[in-house]
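Where a number appears in this text, it was derived from the coordinates with a stated rule and is not lab data. Since we're looking at a predicted model, the values are computed, not measured. Cβ sites come from the backbone with ideal geometry, for glycine too, and all protein chains shown count toward neighbours.
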Amino acid sequence: MVKVLRTVKEIQEFSKAAKDAGKSVGLVPTMGALHEGHLTLMRRARQENDVVIASVFVNPTQFGPNEDFDAYPRRFEEDCKKLETVPVDAVFHPEPKEMYPEGYCTYVNVEGDITKKLCGAQRPGHFRGVATVVTKLMNLSRADRAYFGQKDAQQVVVVKRFVSDLNIPTEVVMVPIVREESGLARSSRNQYLSAEEKEAALVLSRSLQKGKAAFDGGEKGVETLKKIVRDEIGTEPTAVIDYVDIYSFPALLPIAKVEAPALLAIAVKIGKTRLIDNMILGE
Ligand code: PAF
């Protein structure tokens, strides 16, 4: 059975014991409602570390006031069963007040451009919440490596930035996107979709494929590539575009032509559900 750690003291004691025994620690931070994408991160962590700690914590500080914090799926018992199949050694599952007790007032704010575009522009304060909780999780677990999915590519860039800036001794590992057979990127938020919406959501991966096919066919112009993706999304009447963007990767700088690796990233609303997806061009 996976060991459940609920308090700061419990995770600190667990990771201290691992470190004192000379073991490497891999951390997989999640908000639960685990799917195959998360389990791929866990399995990678399992291969590369002596001890694996997952966290399941729906982090209130990374949700805006009108976002889905309350509705976010919470399935801790099911999650534990999935974690046992990997298996991970421990899961950290604190209450919000354990992470943010009364009087809490310290936040990690990654300033500069990388948090102001893409999801950062749409979700003010989101990356401040992510950076704060991931810093705390890295400190608590004393992780040698931490694992994040490429689906949240901007999150990976932001995490790498503060880990470097704050001299946190944790290696940040990005793991490729895991898709359903249909092409839909795995996401806990897919659970919000009705059968029809799930069908409509296929337009995300389809539009990225179109963009990538055009790029592979020789089209390098960012505006043209963006238009190809937008036009494909436009074929799905229920899809509402939040953004379609291309930036250099991993620096996330504006570019006019794709001449080195670049992130083609989209955010699209299907009904009430906002989904994101991306592909790296020219890898
Ligand atoms: O990617 C997520 O699920 C979250 O942003 C993370 C990294 C677990 C922090 O709460």
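Mean-square fluctuations from a GNM of the chain, with a 10 angstrom spring cutoff on Cα atoms, peak among 62, 155, 12 at 12.
Binning the alpha carbon pair distances of region 73-208 at 10 angstrom intervals from zero yields the distribution 9, 31, 39, 19, 2, expressed in whole percent.
Under 5 Å between amide hydrogens, built in the peptide plane, is the criterion, and for residue 171 it picks out 145, 146 among residues at least 5 positions away or on other chains. The 3J(HN,Hα) values that the Karplus relation (6.51, -1.76, 1.60; θ = phi - 60°) gives for region 185-195 are, in residue order, 5, 5, 7, 4, 6, 4, 5, 6, 7, 6, 4 Hz. Gly and Pro appear as x. Note that region 219-232 has calculated 3J(HN,Hα) couplings of 6, 10, x, 4, 5, 5, 4, 4, 5, 4, 5, 4, 4, 5 Hz, one per residue in order, obtained from phi through the Karplus relation 6.51 cos²θ - 1.76 cosθ + 1.60 (θ = phi - 60°); glycine and proline are x. Its relative contact order, with pairs defined as Cα atoms under 8 Å and 6+ residues apart, puts the chain at 17 percent.
For region 96-111, 3J(HN,Hα) computed residue by residue from phi via the Karplus equation (6.51, -1.76, 1.60; θ = phi - 60°) reads x, 6, 6, 7, 10, x, 3, x, 4, 8, 10, 10, 9, 10, 7, 7 Hz, glycine and proline entered as x. For residue 5, the residues whose modelled amide H falls within less than 5 Å of its own, excluding neighbours fewer than 5 places apart on the same chain, are 91, 92, 93.
If you take the Cα centroid of region 119-160 and the Cα centroid of region 181-245, the two points sit 24 Å apart.
Normalised by the number of residues in region 131-210, the average gap of Cα pairs under 8 Å and 6 or more apart makes the relative contact order 26 percent.
The stretch between residue 21 and residue 102 holds 25.7 nm of extra length on full extension. This uses 0.36 nm per residue minus the Cα-Cα distance. The Cα atoms of the chain define a convex hull whose projected area, averaged across directions, is 14.9 nm². For region 25-141, with equal point scatterers placed on the C-alpha atoms only and solvent neglected, what are the log10 I(q)/I(0) values from the Debye formula at q = 0.13 1/Å, to two decimals? After summing over all Cα pairs, the log10 values are -0.56. The order of the peptides 29-36, 193-200, 53-60, 99-106 by mean Cβ neighbours within 10 Å, most packed first, is 53-60, 29-36, 193-200, 99-106.
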